[in-house]
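Worksheet: the structure to be examined is printed underneath.
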Amino acid sequence: MQRKEEFEARVLVIGTGIAGLTYALKAAEHGPVLVVTKKRRADSSTNYAQGGIAAGLGEDDDPSLHLADTLAAGAGLCHPEVVDLVVREGPLRVGELVEWGVRFHRENGNFSLGMEGGHSRRRILRAGDRTGWEIERALLAAVAANPRIRVLQHLLVVDLEVEPDAEGRGRCVGATALDTRRATAVRLRAPVTMLAAGGCGQVYQHTTNPSIATGDGIAMAWRAGADVGNMEFIQFHPTALHPAEDPAFLLTEALRGEGAVLRRLDGTTFLENHHPRASLAPRDVVARAIHSELEATGDPHVILDVSPIPRALMEERFPGTVRGCRERGVELFESGIPVVPAAHYVCGGVMTDVHGRTSLPGLYAAGEVACTGVHGANRLASNSLLEAVVFSHRAAEAVADFPAENVKGGAASLRKEAAKGGGFQPSSGRSLATSSTPAPDRVARSREELRALMWERVGIVRTDGGLEEASLLLEGLSAEEERRWTEGEWTVGGVELRNLLEVGRLIVECARRRLESRGLHYNRDHPGHDGRFRADTVLRRERAGRGE
């Protein structure tokens, strides 16, 4: 028998990265907010963001230039009106981050703006090479000081709760979760749910993403009936330290912005053969160029030569890079840094409008979990944090439209109910059993099999045959895991594996539908652009080929 717990709030926020925390701070103006995270509150991909946040604040910059750079990187799939909105509202949202206590680096009282690949101006606000950590620090402090916000840690959300509204249509009314420390079933009730659960980099064998990035938000939104799109566009960061750890140690793109150069092992440069901006080309170009060079030479990695950057500047602006390399035995000033590409960011996700609304009423999404139309086929460096704060702000404005009386207990602060007895019934209809102990080696083996499959068949370069093979193998893995899921207990490993398999299938399905090469999606069997595919790849449940 499991103990039942229930929490209610005006707003439920799933995730504690920049999107979830900024949304919580804004939404708290309208009522109590409950924020949940499956690990500790500071565990998020935001923490790993080294480069910074892009905003047109320089004297030689303006929103139209930022717009043009974003559209160029997006390879024809960005939504221009959405990008325009973000680059114009972005500086205001950055100002709010400063008000919340984020300490961006300054020189002579002004923001010190960095350069990254794909940008035509210096517009990257940063805090050394730990910008994400600094943003997370400030936002967590602001949240902790707000009496209307409560943060619950170690709650792994398993599925969204969907109930029919007055007209018989499905509406998100919260979520079911697993307390991973106490093996307790938890129901989270709210008329507004913000999904800010991050990305899915762990679906790949080599990734810069932390272990928590298992695609939970995208998978649960899809299962609940929300539209998902553009999942074929997975950004591989060109410069992860070789050999790749799990997660891989990331070498920020800002290094190349300050003059670092990519070279073959024989010391020669190669990016000028792939793009006129050479080492400052967009990420998709650089990642494919490195992949191509490694295929041609058989070398295990290329070299990021940081010698053009003065040593004092390296120590000042990139202390994390210098320290991380030294800790791993890399003499970066003498021999350069060995690098390879690694999965980094998903440009697709849960489809939203400009107010963060998904196709499922009551459910909003922001951050990497969402597909807003900003990134198109390839994300411009450092636009992700900007996108997160802009859409979190816009989504929070909609909270005022939901009357407080929709929450049981009215405007009272968070209410907790605990009762002894049997487990409750999740929206899927499956009876609830829980366990905080992952199933042993089987889950780990299946997870690694999936990650290797995705890396080999659905990686930087793809083919029709490889995608078909991946689709068939994923169907088999998913069917087996779903059988075990319906017959067994909830475990942390099992929940994450289920989500990774779901996300893998979504990536493959989107990739199979795009019979061209554009941005981050490169298919050797369809190497050029095809105007018929200059549109988002949108998946809906009724068209997903599952008879649902």
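The values are calculated or read from the model by the stated rules, or taken from the named source; none is laboratory data. Every value quoted in this text rests on a predicted model; they were computed, and no experiment measured them. Here the Cβ positions follow ideal geometry from the backbone for every residue, glycine too, while neighbour counts run over all protein chains shown. We work out accessible area using only protein heavy atoms, side chains counted, and drop any ligands, DNA or RNA first. Shrake-Rupley method; radii C 1.70, N 1.55, O 1.52, S 1.80 Å.
Conditions (1) in a helix (DSSP H, G or I); (2) closer than 30 Å to SER517 by Cβ; (3) not charged (D, E, K, R), marked per residue:
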{"position": "ALA28", "(1), (2), (3)": "yes, no, yes"}
{"position": "VAL35", "(1), (2), (3)": "no, no, yes"}
{"position": "ASP69", "(1), (2), (3)": "yes, yes, no"}
{"position": "CYS78", "(1), (2), (3)": "no, yes, yes"}
{"position": "LEU85", "(1), (2), (3)": "yes, yes, yes"}
{"position": "ILE135", "(1), (2), (3)": "yes, no, yes"}
Point to revise | Which numbered condition ALA400 fails, given (1) within 16 Å of ILE234 (Cβ to Cβ); (2) open to solvent by 10 Å² or more (accessible area, probe 1.4 Å) | key: (1)
Review point. Which residues, taken from segment 123-149, are among the polar types (S, T, N, Q), surrounded by fewer than 24 Cβ atoms within 10 Å (Cβ to Cβ) and under 19 Å from the mean Cα position of the chain (by Cα)?
Key: none
Review point. Does ASP165 count as under 25 Å from ALA213 (Cβ atoms) and of a type in the set (D, E, K, R)?
Key: no
Exercise for review: Would you mind telling me which numbered condition in (1) in a helix (DSSP H, G or I); (2) crowded, with 21+ Cβ neighbours inside 10 Å ARG326 fails?
Suggested key: (2)
Practice item. Tell me which residues, restricted to segment 203-219, are more than 18 Å from PRO341 (Cβ to Cβ), in a helix (DSSP H, G or I) and aliphatic (A, V, I, L, M). Key: ILE218, ALA219
Review point. Condition test on LEU262, is it part of a helix (DSSP H, G or I) and either crowded, with 21+ Cβ neighbours inside 10 Å or in contact with a helix residue (DSSP H, G or I) (Cβ under 6 Å, 6 or more places away or on another chain) (or both)?
Key: no
Check your understanding: So which pairs qualify, if the first residue must be in segment 527-541 and open to solvent by less than 50 Å² (accessible area, probe 1.4 Å), the second must be in a helix (DSSP H, G or I), the Cβ gap must be under 8 Å, and the two must be at least 6 apart or on different chains?
Key -> THR537/CYS510; THR537/ARG513; LEU539/TRP222; LEU539/LEU506; LEU539/GLU509; LEU539/CYS510; ARG541/TRP222
Check your understanding: Does ARG150 meet the test of being part of a loop (DSSP other than H, G, I, E, B), out of contact with any Cys (no Cβ under 8 Å at 6 or more places or on another chain), over 21 Å from CYS371 (Cα atoms) and basic (Lys, Arg)?
Key -> no
Review point. From the residues in segment 383-392 that are open to solvent by less than 10 Å² (accessible area, probe 1.4 Å) and either out of contact with any Ser or Thr (no Cβ under 7 Å at 6 or more places or on another chain) or small (Gly, Ala, Ser) (or both), which one is nearest to CYS510 (Cα to Cα)?
Key: ALA388
